[in-house]
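Inspection log for the structure reproduced underneath, given as structure tokens.
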């Protein structure tokens, strides 16, 4: 299945987002992203499935998404 | 040694807290939120779980609002210096610690000082209300005096702040973990905590829970994110957490909350009984000076100040120390509270039990005070 990485501002938000997605039935794990969009280090959630639903769930929880990309 | 200096830090830490600290040093010795390896992520997860636990325990909206600092004073500084600017109007109480008064002085805030009534909380609320002006930006006060134990009517003050759109910050150093504190219920925007006191955690950690945006930072540096930018990230909690976190103390705090929930839920009532008994016995002794009219559950924390007439407080504490009792004398870094009590020249001897204190220990204290020469 196609995987995505959702890049978030910090490890705290990555963990918060991971828990939200898991509660909704998504597979989700945290990975370190060494150079996100040219700004430096960061963390992301690797997930699969309905990425639009995942994105919306994170936005509803006021989690700022920096980037969504194919993993 | 009998430790009655638990308002400074709880002298005896539970085994489960010490084990958590030890296990953190053995198994979580990696920098959270920095590396991408499993150990770093495991540590980050453990830290995050503690944020969740703290948020839940104090009725905060979420784990991302929980900021770890180096102590409660630092947490207070972050709030006051981030939220307030020179000339801003702030209301506080006449029982504050220097952790509040010195930053306010440094900022150059216009400070209004409300009078805390020792027997009538409604009068305290009235005093705060009278000092909430159109341009008051913040009310910041202690939850309970570290000198005389008087609890402030935080919920009522928080309600007033909410009604008037004023930010409300609370120094909960003495109260957090001992008596219930719920940020949502009490309308608290900023809560500053000393986990090494009522949560039985190690020293060297403070907690700031911020429901509102704090504003500017006073410490900048590495956060493990957005590293190419020279500007501090905007998001909590990392914005205020530059530098490596004290993971062993954070894990000790996690275990401390478990301890309080499991064993010390009734700590306030148990400690209060001890202080009440002490108060009643000291009241009978003609040469003892007490500074509050009574101790009453729900109005006072289990903290009591006294003096022996004509004896400097430090000398009394030295006598107690020689008899095997630890108590703190002097001004307790709270000159405003001592001015209020009329003890600015003498200080007081402060007795503060913990969950581990016993009635036999209070009996011994009473006995040695009775025979003081």
In the stretch B:1-46, anything in contact with a strand residue (DSSP E or B) (Cβ under 9 Å, 6 or more places away or on another chain) and either closer than 15 Å to residue B:255 by Cα or assigned to a helix (DSSP H, G or I) (or both) is listed as B:10, B:12, B:40, B:41, B:44, B:45
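Yes or no: the stretch B:90-100 includes at least one residue that is in contact (Cβ under 8 Å) with a residue 24 or more places away in the chain and within 14 Å of another protein chain (Cβ to nearest Cβ).
no
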By my count, strands (runs of 3 or more DSSP E) wholly in chain A with at least 2 residues that are touching a residue at least 60 places away in the same chain (Cβ under 8 Å) and within 14 Å of chain B (Cβ to nearest Cβ) are A:3-8
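For every residue, the table says whether it meets (1) surrounded by 22 or more Cβ atoms within 10 Å (Cβ to Cβ); (2) at pLDDT 95 or above; (3) within 15 Å of residue B:282 (Cβ to Cβ).
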residue	(1), (2), (3)
B:339	no, yes, no
B:347	yes, yes, no
B:351	yes, yes, yes
B:354	yes, yes, no
B:358	no, yes, no
B:362	no, yes, yes
B:365	yes, yes, yes
B:368	no, yes, yes
B:371	no, no, yes
Considering only strands (runs of 3 or more DSSP E) wholly within the stretch B:106-183, the ones with at least 3 residues that are over 21 Å from residue B:338 (Cβ atoms) and not assigned by TED's automatic domain parsing to the domain that holds residue B:331 are B:136-142, B:167-171
Restricting attention to the stretch B:209-225, the residues that are crowded, with 21+ Cβ neighbours inside 10 Å and in a loop (DSSP other than H, G, I, E, B) number exactly 4
Answer yes if at least one residue in the stretch B:227-238 is outside any loop (DSSP other than H, G, I, E, B) and under 28 Å from residue B:209 (Cα atoms), and no otherwise. yes
When residue B:245 is run through (1) within 14 Å of chain A (Cβ to nearest Cβ); (2) part of a loop (DSSP other than H, G, I, E, B); (3) under 21 Å from the mean Cα position of the chain (by Cα); (4) closer than 21 Å to residue B:85 by Cα, the failure sits at (4)
Condition set out of contact with any helix residue (DSSP H, G or I) (no Cβ under 7 Å at 6 or more places or on another chain) and more than 14 Å from chain A (Cβ to nearest Cβ), scope the stretch B:55-71, selection surrounded by the most Cβ atoms within 10 Å (Cβ to Cβ): answer is B:71
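Residues B:119, B:124, B:115, B:142: which one is surrounded by fewer than 17 Cβ atoms within 10 Å (Cβ to Cβ) and in contact with a helix residue (DSSP H, G or I) (Cβ under 9 Å, 6 or more places away or on another chain)? Can you show your working first?
Values: B:119 fails: in contact with a helix residue (DSSP H, G or I) (Cβ under 9 Å, 6 or more places away or on another chain); B:124 fails: surrounded by fewer than 17 Cβ atoms within 10 Å (Cβ to Cβ); B:142 fails: surrounded by fewer than 17 Cβ atoms within 10 Å (Cβ to Cβ).
Result: B:115 is the single residue among B:119, B:124, B:115, B:142 that is surrounded by fewer than 17 Cβ atoms within 10 Å (Cβ to Cβ) and in contact with a helix residue (DSSP H, G or I) (Cβ under 9 Å, 6 or more places away or on another chain).
In this structure, is residue B:200 surrounded by fewer than 23 Cβ atoms within 10 Å (Cβ to Cβ), closer than 28 Å to residue B:304 by Cα and under 20 Å from the mean Cα position of the chain (by Cα)?
On the way: surrounded by fewer than 23 Cβ atoms within 10 Å (Cβ to Cβ): no; closer than 28 Å to residue B:304 by Cα: yes; under 20 Å from the mean Cα position of the chain (by Cα): yes.
In short, no.
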- prompt: Restricting attention to the stretch B:202-213, does a residue exist that is away from chain A (no Cβ under 14 Å) and within 26 Å of residue B:275 (Cα to Cα)?
  reply: yes
Filtering the stretch B:73-96 down to residues that are touching a helix residue (DSSP H, G or I) at 6+ places or on another chain (Cβ under 7 Å) and in a helix (DSSP H, G or I) yields B:73, B:76, B:77, B:78, B:80, B:81
Please determine whether any residue of the stretch B:78-97 is farther than 28 Å from residue B:216 by Cβ and over 17 Å from the mean Cα position of the chain (by Cα).
no
Counting only residues that are within 16 Å of residue B:238 (Cβ to Cβ), in a helix (DSSP H, G or I) and in contact with a strand residue (DSSP E or B) (Cβ under 9 Å, 6 or more places away or on another chain), the stretch B:56-72 contains a total of 1
Of the candidates B:268, B:279, the one satisfying the condition of being assigned to a helix (DSSP H, G or I) and either modelled with pLDDT under 95 or under 21 Å from the mean Cα position of the chain (by Cα) (or both) is B:268
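Is it the case that the stretch B:114-135 has a residue that's within 17 Å of residue B:79 (Cβ to Cβ) and at pLDDT 95 or above? Even if it seems obvious, please write down each step before you answer.
First, the residues of the stretch B:114-135 that are within 17 Å of residue B:79 (Cβ to Cβ): none.
There is no residue in the stretch B:114-135 that is within 17 Å of residue B:79 (Cβ to Cβ) and at pLDDT 95 or above.
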Within the stretch B:173-185, the count of residues that are touching a residue at least 40 places away in the same chain (Cβ under 8 Å) and either surrounded by fewer than 24 Cβ atoms within 10 Å (Cβ to Cβ) or more than 14 Å from the chain's Cα centre (by Cα) (or both) comes to 6
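Test residue B:289 against the stated conditions and say whether it is more than 24 Å from the chain's Cα centre (by Cα) and buried (at least 16 other Cβ atoms within 10 Å of the Cβ).
Working: more than 24 Å from the chain's Cα centre (by Cα): yes; buried (at least 16 other Cβ atoms within 10 Å of the Cβ): yes.
Yes: the conditions hold for residue B:289.
The values are calculated or read from the model by the stated rules, or taken from the named source; none is laboratory data. As the structure is a prediction and not an experimental result, all values here were calculated from the model. A quick note on method: Cβ atoms are made from the backbone with ideal geometry, for glycine too, and the neighbour counts reach across all protein chains shown.
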